[in-house]
Amino acid sequence: MSEHGPEGEFDEAAYRAQQRRNANVTALILIAFVVLFFLITIAKLGLAT
Amino acid sequence: MAQSQASLAPALPADWRDLFALTKPRVMSLVVFTGLCGMLAAPGPVHPVLGFSAILAIALGAGASGALNQWYEADIDALMKRTAGRPLPAGRLDRQTALHFGVGLAVFSLLLMYMAANWLATAILAVSILFYVFVYTIWLKPRTPQNIVIGGAAGAFPPLIGWAAVTGDIGLLAVMMFLLTFLWTPPHFWALALFVQSDYAKAGIPMMPVVAGERSTRRQVLFYSLVMAAGAIAPWWPLGLTGAIYGVTAAVMSAIFCALAVPVARRTPLAGDGMKPERQLFAFSLLYLFILYAAVVIDRWMLG
């Protein structure tokens, strides 16, 4: 958690890297849930028939 | 000037690992296991995808409870050595992010449970989250040394949820599984409280050893261990809900539990003696719950 450099200035590179990491994790989770919701729908359709 | 620029600069976004830590992953593993056992012990088939989704919903619900608990207790956590390193007291995360994360996770877990299972499982999951946050965390924990006794219900709901997700109702065996965790919670937590009581005292939490004293707590550990043992054996005898596999396992494990609780109840610890009996009881209590829940499932699958 060192968004400020040794002289206290804002470290934009660290900020962007952190944003990118979080965005990647969020994207992976969202993809996983899209797949899961698709499978739930298919499973429910299967149960209904 | 440089200092004022630094204070105006945006803070780093929350790290996903800190958000994950908010969900209390170790507690979540126990909740997932007991929920899974409730599901596997229930009569009737379950579609693997729907079963997995229901368990995931239980895990997310437990994570939401943990996050909201840490949001509310951030000030208290900062005072205790055991919890001072958590993301909020350590300053790696702000409280508003934790609140939004917890509420969002709770709502999402309920939606997922409703999609995967039924309204009853969803309702019990909602009750368990609300009970943990409002009844245990906000109401009981800062007010009474009985916080663990009543609050234990919050952690006991998962087998009921797992069962309800499969059957759409609540069976007597599911209620007995709920009762097992409910009665197990006091001796488990008081064994822990005995060796971290200075932490609780510092934070002003009225845990039993802090309020009623060590002697009384030690007696109550043994008392609740005996009540828990009776509750653990009851599904086999006299209720006849399980077979001998569970019955013998419950009897043997409960006997060991009570045997470990006896020295805890009888002894007067010396300064710096390491509290070995209390630590042994705490460690065994975790194994006890895992083995008994596994025994219910094995019993149901092998003996029907």
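The values are calculated or read from the model by the stated rules, or taken from the named source; none is laboratory data. All values derive from a computational prediction rather than experimental measurement. Don't worry about glycine lacking a Cβ; one is built from the backbone with ideal geometry, like all the others, and counts go over all protein chains shown.
Among (1) surrounded by 19 or more Cβ atoms within 10 Å (Cβ to Cβ); (2) closer than 30 Å to residue A:35 by Cβ; (3) free of Cβ contacts under 8 Å to residues at least 40 places away in the same chain, where does residue B:89 come up short?
All conditions pass for residue B:89, except number (2).
Checking residue B:206 against (1) surrounded by 16 or more Cβ atoms within 10 Å (Cβ to Cβ); (2) assigned to a helix (DSSP H, G or I), which test does it fail?
That leaves (2) as the condition not met.
Mind listing whichever residues of region B:108-134 are surrounded by fewer than 17 Cβ atoms within 10 Å (Cβ to Cβ), away from chain A (no Cβ under 14 Å) and not small (Gly, Ala, Ser)?
Hits for region B:108-134 are B:119, B:127, B:130, B:134.
Specify which of the listed residues (B:206, B:235, B:277, B:263) is out of contact with any Pro (no Cβ under 7 Å at 6 or more places or on another chain) and either outside the structural domain of residue B:83 (by TED's automatic domain parsing) or among the aromatic types (Phe, Trp, Tyr) (or both).
Working: B:206 fails: out of contact with any Pro (no Cβ under 7 Å at 6 or more places or on another chain); B:277 fails: out of contact with any Pro (no Cβ under 7 Å at 6 or more places or on another chain); B:263 fails: out of contact with any Pro (no Cβ under 7 Å at 6 or more places or on another chain).
Of the residues listed, the single one that is out of contact with any Pro (no Cβ under 7 Å at 6 or more places or on another chain) and either outside the structural domain of residue B:83 (by TED's automatic domain parsing) or among the aromatic types (Phe, Trp, Tyr) (or both) is B:235.
Condition (residue is part of a loop (DSSP other than H, G, I, E, B) and within 20 Å of residue B:41 (Cα to Cα)) applied to region B:242-262: is it met by at least one residue?
Among the residues of region B:242-262, at least one is part of a loop (DSSP other than H, G, I, E, B) and within 20 Å of residue B:41 (Cα to Cα), which makes the answer yes.
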